[in-house]
Each structure stands twice: as structure tokens, then as C-alpha cells.
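Reviewing the structure listed below.
The values are calculated or read from the model by the stated rules, or taken from the named source; none is laboratory data. None of the values given here were measured: they were computed from a predicted structure. Heads up, the Cβs are rebuilt from the backbone with ideal geometry, glycines too, and the neighbour counts pull from every protein chain shown.
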Amino acid sequence: MQRNIYNIAILSLVFVCISCGDKAAENSQVEMQEETTLDNRIFVSKVQFENSKMTLGSIEEKPFSVTIKTNGMIDVPPENRAVINAMMGGYIKTTPLLIGDKVRKGQALVTIENPEFITIQQEYMEVNGQLAYLESEFERQKVMMAEKITSQKSFLQAESAYKTAKARHNGLRKQLSMLNISPSNVEKGNVSSVVTIYAPISGSITKVNVTRGTYVSPATAILEIIDNDHIHIELSVFEKDIMMLKKGQKINFKIPESSLETYKAEVHLIGTAIEENRTIKVHGHLVDESEANFLTGMFVEAEIVTASDLAKAVPETAVVKQEDANLVLKLVEENKNGYFFEQVPVQIGGTFEGGIDLTSYENLDSTDKILTNGAFNLVADE
């Protein structure tokens, strides 16, 4: 009997201990939940801070530029672009070049064949042969006219025949030169049905519109050559921003499809007529044309710097856009374990050279430390 009473007492004591333990755990869990609810700060351990290469900074006063955002393309001056045409129609006999081939000025590009080339050379040879006789007859009639041996009619006929033949001779000679046929060779009896077209400028082939056997007329664009030694940017600026433009203003531009690097240029020419889309053309010269391998036609995103002023700014990486708000992480506590940050809303303006203008920043001052690198991942994880 006494042993049973002892066992009951032991069991009762065990139940009491278990009940107390459960209650303590429950109270601890409630306290943790309350602490989590009351503390909206973001904690970053020292190890996480170093491994993620996070950095701290503060609001600084920096020179900020007022810019006009625009876009355009890489282009070349008109004299650096050449479209190759034939002076007379014909059939392409040889076309050895491909897109991307480099050519030098005066290099043979294509050859064209046409029987009409032979006709022109024949006519030139005939007139050239008659010209010496007609000139001699004109001089003879001139002398005889002076001595009143011949009639004025005979003299005028000789003069007309000579001058007509000379004009035709000069015209045919010019046509042969335009066809790249040597008149001297024709005078020697060398006649050909094939003419060669030569490169008017040095550069690279950007278009090939024909193949062997294609018939081309004078209006047909056979090839296009572009010389990229001197390039510029052509920008389209909207009508509302035109009055802020001046020659010599700095241009910062990017080629977004191929590089994140920012390049420098300056305004060289400003158009004087509004186009149909209510924009004006702005011609910019690169500060250093050798710094990048630009190609004609590349899309450009640019900012034209029209003015400069001081503004309160932070690095762009310090501001995180979340829905309709812009946030920065302000350091509120630091201990041996890590850092505690709180989210502070701010109003932002423009960006310039990696910085962003703060137009309104309540609950922040110049002495506060903010997270300048790594803020995006912390806010996104919230």
C-alpha cells in the first residue's frame, strides 16, 4: 500500500513538470513572435555583410547635370558612304566581293558586259578618224576665204562640219571616260564589250545587290561601301527640348545592345527644321573615335547635358524600387553580431554618372549611414 502511494506521488510530480515545461515553451514562442512582430528591422550578420561585399555610405552633395534623354544611331558623313551604279545598263560579268570585304579607292569592284559599249567605241573611232580631215579642210577654207578664193558658203559648211565633229568627238570621249574605257586604247583599235567599275572611296562592302548574270540599269544599286574611319551620332530630339540645345554641349551615350559602357561626344550641329514626327536632328562628334569599334546603324541611347547644379545624392545601387515606393536601408544599430537596417522611403529625381538625386528624404540626414551596395537583395527577400 505504501509502495502504491509512492508511485502515485512520483507520477503526479512528472505530470506537473511536463505541464510546466509545455507552458514555458509556449510562453517562449509567444515572446519570440511578439519580438518578431515588433521589430521590422532587417538584420545582416557580419559574415553575410563581408561575403556579399556590402558597403555603407551616406548622402553626399554632388554636381548633378540637367540632361535631355534621346536616342539615335551611329552614322557616317555622306562623303564616307558610296552607292555603286553603272553608267550604262549591262549584264554583270564578274562580282568577286562579299559583304565585309575591305576595298581601297580605285580597286576593281565588278565588270559589266554590253554590246552597246562596242557601238560607242566604234563611233568614237569613226569621228576621231574624220576629225583630222575636217580640221584640215576648215583651215584650208579659212585661208581661201581670207584670200577671197572660195565662197562664204563653202567656208561655213567646212566650219560647221568640223565643229560638229569636234563636239561629237569630245562627247564620245567623255562617255568612254565615264565608262572607264581608255580613249587612247580605242584610238589604237582596242575595242572591248566589258567595262570595269572601280571603288570611289576606301572602306568596307556593306551591301551586294547583284550576282553574276544580273542585268543592271543606271538606277540599280550594285554595291554599297562605307568608310568607318570617321563616324558620328545622329540623335532625334523632341520639339519641347530644342530651346535648351547649344553647340558644344556634352553627350553621354551607350550602345545598349552590345555594351554597358558610356561613351563621350559633343553637339556639333543642330538641325534647323522640325521633322514630321516633331523632332529635330542633332549631329554629335565623338571625343575619341578609336575607343570602340562602332558600326554604322548601331542604336544609341544618349543624354545631352544642358546644365549643371549641386544636389543631394546617393549611389544608384542604394535605392530599391518596390511597387510605387523607392526605399533605402538606413543603419539603426550595429553590434558584434551584425547590422540592423530599417527601410526608409525617399523621393528620387534624375541619375548621372552612377548617382541618383534625392528630392525628398524624411527620416534621413547627412550623418546617417545607409547601405549603398546589396540593398536590392535584402529588400527583395522581405
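Would you pick out the residues in the range 135-144 that are out of contact with any Asp or Glu (no Cβ under 8 Å at 6 or more places or on another chain) and either farther than 24 Å from residue 168 by Cβ or touching a residue at least 24 places away in the same chain (Cβ under 8 Å) (or both)? Listed by number, the residues that qualify are 135, 137, 143, 144. Here residue 114 meets the list (1) at positive phi; (2) touching a residue at least 60 places away in the same chain (Cβ under 8 Å) almost entirely, failing just condition (1). Within the range 121-133, residues that are surrounded by 15 or more Cβ atoms within 10 Å (Cβ to Cβ) have Cβ atoms under 6 Å from residues that are among the basic types (Lys, Arg) in these pairs: 127/168, counting only partners at least 6 apart in sequence or on another chain. Counting only residues that are surrounded by fewer than 19 Cβ atoms within 10 Å (Cβ to Cβ) and not acidic (Asp, Glu), the range 209-231 holds 13 of them. The set of residues from the range 260-280 being outside any strand (DSSP E or B) and either surrounded by 14 or more Cβ atoms within 10 Å (Cβ to Cβ) or of a type in the set (Ser, Thr, Tyr) (or both) comprises 271, 272.
Of all residues in the range 115-151, those satisfying the criterion of being modelled with pLDDT under 90 and β-branched (Val, Ile, Thr) are 143, 149, 150. The range 327-380 holds strands (runs of 3 or more DSSP E) entirely within its bounds, and those carrying 3 or more residues that are at pLDDT below 75 and surrounded by 12 or more Cβ atoms within 10 Å (Cβ to Cβ) map to 338-352. Looking across the range 293-347 at every residue that is aromatic (Phe, Trp, Tyr) and in the same structural domain as residue 73 (by TED's automatic domain parsing), the one that is nearest to residue 234 (Cα to Cα) is identified as 299.
Among the residues of the range 146-155, is there at least one that is of a type in the set (A, V, I, L, M) and either surrounded by 12 or more Cβ atoms within 10 Å (Cβ to Cβ) or closer than 18 Å to residue 112 by Cβ (or both)? Walk me through how you get there before you give the answer.
Initially, the range 146-155 is screened for residues of a type in the set (A, V, I, L, M), giving 146, 149.
Now restrict to residues that are either surrounded by 12 or more Cβ atoms within 10 Å (Cβ to Cβ) or closer than 18 Å to residue 112 by Cβ (or both): none.
Checking the range 146-155: not a single residue is of a type in the set (A, V, I, L, M) and either surrounded by 12 or more Cβ atoms within 10 Å (Cβ to Cβ) or closer than 18 Å to residue 112 by Cβ (or both).
Scan the range 52-90 for residues that are of a type in the set (S, T, N, Q) and over 24 Å from residue 355 (Cα atoms) and jot them down. Correct list: 80, 85.
For the range 193-225, filtered to residues that are polar (S, T, N, Q) and touching an Asp or Glu at 6+ places or on another chain (Cβ under 9 Å), the residue that is nearest to residue 112 (Cα to Cα) is 193.
Just to be sure, is residue 303 under 26 Å from residue 260 (Cα atoms) and either without any contact (Cβ under 8 Å) to a residue 60 or more places away in the chain or not acidic (Asp, Glu) (or both)? The answer is no for residue 303. Screening residue 150 on (1) over 30 Å from residue 253 (Cα atoms); (2) out of contact with any strand residue (DSSP E or B) (no Cβ under 7 Å at 6 or more places or on another chain); (3) part of a helix (DSSP H, G or I) shows it passes everything except condition (3).
What strands (runs of 3 or more DSSP E), lying completely within the range 51-140, carry at least 1 residues that are within 19 Å of residue 177 (Cα to Cα) and of a type outside the set (D, E, K, R)?
Result: 81-84, 90-94, 108-113.
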